[in-house]
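Student: I have a structure I would like to understand better, so I am pasting it below and will then ask my questions one at a time.
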Amino acid sequence: MNKENKVFVAGHRGLVGSAIVRNLEAAGYSNILRRTHAELDLTDSAATDAFFAEHQPEYVFLAAAKVGGIVANNTYPAEFIRDNLVIQSNVIHSAWRHKVARLMFLGSSCIYPKMAPQPMREDCLLTGPLEPTNRPYALAKIAGIEMCWSYNRQYGTKYLAVMPTNLYGPGDNYHPQNSHVIPALLRKFHEAKQRGEPTVTVWGTGTPRREFLYSDDMADACVFLMNLPDAKYSGLLGSDESVTGRFEPPLVNVGVGEDVTIRELTELVGKVVGFDGELSFDTTKPDGTPRKLMDVGRLHSIGWRAKTRLEQGLTMAYSDFIRHQGAADATSGH
């Protein structure tokens, strides 16, 4: 990408999309296209195609998706598969119709089988059953990878899928029920500290291991990959299995390559927030998958590594939460 290219960031208000916009702006890109849902409904194929026809983006980051935690996935499975299938189908097809040079499709580590060998390599895809609670969402994302792969094979497009590990950072969702583990813990510890509570209780045993990537690092990896020279970039776009005999999807894992226990994470969040009470674990509650670690060897081999250490990232995320909370309190009159 050169600094004048038209770059469309679909989903620019989300955790990853907003980080990609920050990264591009900081690097001096002057032609970033962004639309709110009210301005452009990506589930509307005619509206999506009209946008591409009018604005002719040259590069596309497809970060728009319907996302949520376990409760949301369990409550609205139909919306999670339907909306995500429609959004990605409309954007990918319009990108092909209007000759987008490169497209990056953002997925999720939940595309990998529930019991995938650890760390999870890109070729674990489609090798076993998925986690049932988010299977509709995961299947939609797998379909998006397959769509990129199919267009690459049939039309010679340059569409790449990237799969982030668990993300956190500025602009995260801090909803009490629908947020992911880090924003949920930040909120829980902050409120306990404010109320002077002696103990914070966390679900499970604290023994499962999870990997966490700061959202600005994820954005940096995305822009790095999008800017790779043609020879390197084309090498990531998957092969035609009927020709090569190899299962090579156009897929790159993005993570830090190391994980922590939930107990270690919880203790670190308590330290960052400044909560000095006790920590307890409700072992009657489920733990979920014992481990989810991404194999990031492919990404490391082409020259990118995450920069933000977990404690540093949590400190920045907590500052964002405080700003977010202050704005919410001001809006509600508290």
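Student: Spin-label point model (7 Å from Cα, Cβ direction): what's the Ser242 to Ala46 distance in nm?
Tutor: A separation of 3.5 nm, rounded to one decimal place.
Student: If I model a spin label as a point 7 Å beyond the Cα along the Cα-Cβ vector, how far apart are those points for Glu267 and Ala231 in nm?
Tutor: Distance between label points: 4.8 nm.
Student: Can you pull the one-decimal nm distance between simple spin-label points at Asn2 and Leu126, each 7 Å off the Cα toward Cβ?
Tutor: 3.9 nm
Student: Given the Cα-Cα distance of Asn173 and Thr199 and 0.36 nm per residue of separation, how much length would full extension add, in nm? Don't skip to the answer; put the middle values down first.
Tutor: Values: separation 26, 0.36 × 26 = 9.36 nm, distance 2.38 nm.
Fully extending the segment from Asn173 to Thr199 adds 7.0 nm.
Student: In whole Hz, what ³J(HN,Hα) sequence does the range 287-294 give by Karplus (6.51, -1.76, 1.60; θ = phi - 60°), x for Gly and Pro?
Tutor: 8, x, 4, x, 8, 9, 10, 8
Student: Let me ask something else. Report the full-extension gain for the segment Met115 to Glu54: residue separation times 0.36 nm, less the Cα-Cα distance, to one decimal in nm. Write out the running numbers ahead of the final one.
Tutor: Numbers: separation 61, 0.36 × 61 = 21.96 nm, distance 4.52 nm.
Length difference between fully extended and current span is 17.4 nm.
Student: Give me Rg/Rg_expected for the chain, where Rg uses Cα atoms only and Rg_expected = 2.2 N^0.38 Å with N residues.
Tutor: This ratio for the chain stands at 1.00.
Student: Turning to a different aspect of this structure: What is the helix-to-structure angle for 15-26, meaning the angle in degrees between its Cα long axis and the longest Cα principal axis of the chain, kept from 0 to 90 and rounded to the nearest 10?
Tutor: 70 degrees
Student: Counting DSSP beta bridges with both partners in the chain, what percentage is antiparallel, nearest 5?
Tutor: Bridges in the chain that DSSP calls antiparallel: roughly 5 percent.
Every number in this text was worked out from the coordinates using simple rules, so none of it is lab data. Quick caveat: nothing in here was measured; it's all calculated off a predicted structure. In this analysis, Cβ positions are derived from the backbone assuming ideal geometry, glycine residues included, and neighbour counts consider all displayed protein chains.
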